[in-house]
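Report on the following structure.
The values are calculated or read from the model by the stated rules, or taken from the named source; none is laboratory data. Quick caveat: nothing in here was measured; it's all calculated off a predicted structure. Here the Cβ positions follow ideal geometry from the backbone for every residue, glycine too, while neighbour counts run over all protein chains shown. Quick note on the areas: whole protein, heavy atoms, side chains included, nothing else; ligands and nucleic acids left out. Shrake-Rupley method; radii C 1.70, N 1.55, O 1.52, S 1.80 Å.
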Amino acid sequence: MRTDVNNINESTPYEDLTEGLIMFAGGTAKDFNTGEWRTNTPVFHKDLCKQCLLCAPVCPDGCIPVKDSKRSDFDYDHCKGCGICEKACPFGAITMVEGVDPVDPETKG
């Protein structure tokens, strides 16, 4: 039996899954809101950003939207909080905070 990841959800009975949970279709983050996996959250400091765009190509999930050569805030529905963007930013415009809520760093996920 082949499991199409697009047909799996929290209601899928275990009998309908393949042994070893082998998947045979794309399971992109755009199809699933995976941001709830975060334990750390990037915070964008617009006032420090120089729009160098060094952060956007290093994001493994494409969670840094760029339009007209300008970046905007994170796509928190899909960001997993890996912190790669923070390390790529030479201007300190991205900092990581503990938790899943970027507005309130005291919120623990």
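Table for the structure above
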item: 5 angstrom amide H check on THR95, placed H, neighbours 5+ away; result: VAL43, HIS45
item: Net charge contributed by nearby residues that have their C-beta within less than 11 Å of GLY81 (K/R +1, D/E -1); result: -2
item: Positive-end extreme of charge dipole, region 31-93 - chosen from TRP37, GLY62, HIS78 (charges on Cβ); result: GLY62
item: Pairwise label distance in nanometres, ASN33 with LYS50, each label 7 Å out on the Cα-Cβ vector; result: 3.6
item: Accessible area, probe 1.4 Å, largest first, for residues ASP77, ASP47; result: ASP47, ASP77
